[in-house]
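Any read-out appearing in this document is the output of simple, stated calculations on the displayed coordinates, not a laboratory observation. Note that the coordinates shown come from a computational prediction; the quantities given were computed from them, not determined experimentally. All Cβ positions, even for glycine, are placed from backbone atoms using ideal geometry, and neighbour counts span all protein chains on display.
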Amino acid sequence: MKEIDLGTRPRDERAFAAPGDQYYRELATIDALAYRRMLDRVYWHPPADVLRFEVRAIPACNGTEYTVTAILDGIGEVWFDYDSLPARWDSIAVFEVSWSLSQLHAAQHGMKGASFEKPGGRPGNELMPDYSSSQDPAEAARHRWKVVNRLRKANDQLG
């Protein structure tokens, strides 16, 4: 089993807060969870026993740092390609991060009746909407074909 630390967000995206800053835990968690979901989409929801992405809290000298870790086992090394990691958020992740930040803001400031709140709900306690329809189908297809081609190439090399 191999583990690779991927950080909390795509490499070309700026972080909102550094470890030790106010709200770091909340912001890093939002980023890491969105990044994990995005990686599941990019790598085409791989079988969990082969490749999975986990959000981890790691003790550090200035508190706790958060990261997404890729856990590969066996053929998972064929599914996963570090060079294929997206450098930017995809459209779904942009919506998810924005929605999560609005929920955090509403919960911290006790805002009621915000437009994103469901009837009878409380700010900070909402279920995230499904933003999957915002993704460009061509983008999803490109990610799938990259995985399929890596699997085909590995299969050809084996036999």
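Multiply the residue separation of SER91 and ASP5 by 0.36 nm, subtract the distance between their alpha-carbon atoms, and state the gained length in nm to one decimal.
On the way: separation 86, 0.36 × 86 = 30.96 nm, distance 2.33 nm.
Answer, rounded to one decimal: 28.6 nm.
Using only alpha-carbon positions, what ratio does the radius of gyration of region 2-158 give when scaled by 2.2 N^0.38 Å? Let's see the in-between values first.
Details: Rg = 17.5 Å, N = 157, 2.2 N^0.38 = 15.0 Å.
Against the compact-globule rule of thumb, the ratio is 1.16.
Multiply the residue separation of SER132 and VAL50 by 0.36 nm, subtract the distance between their alpha-carbon atoms, and state the gained length in nm to one decimal.
On the way: separation 82, 0.36 × 82 = 29.52 nm, distance 2.43 nm.
That pair, SER132 and VAL50, stretches by 27.1 nm at full extension.
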Expected max-MSF residue from TYR43, TYR82, TYR35 in the GNM of the chain (alpha carbon, under 10 Å) is TYR82
With only helices counted (DSSP H, runs n ≥ 4, each -39500 (n - 2.57)), the per-residue ellipticity at 222 nm for the chain, to the nearest 500, works out to -13500 deg cm²/dmol
Region 39-57 scanned against label point 7 Å out from THR64 along Cα→C-beta; backbone N under 20 Å for 53-57
With +1 on the Cβ of every Lys and Arg and -1 on the Cβ of every Asp and Glu, the dipole magnitude of the chain about its Cα centre, in debye rounded to the nearest 20, is 200 debye
Expressed in nanometres to one decimal, the distance between label points 7 Å along Cα→Cβ at VAL148 and GLU26 is 4.3 nm
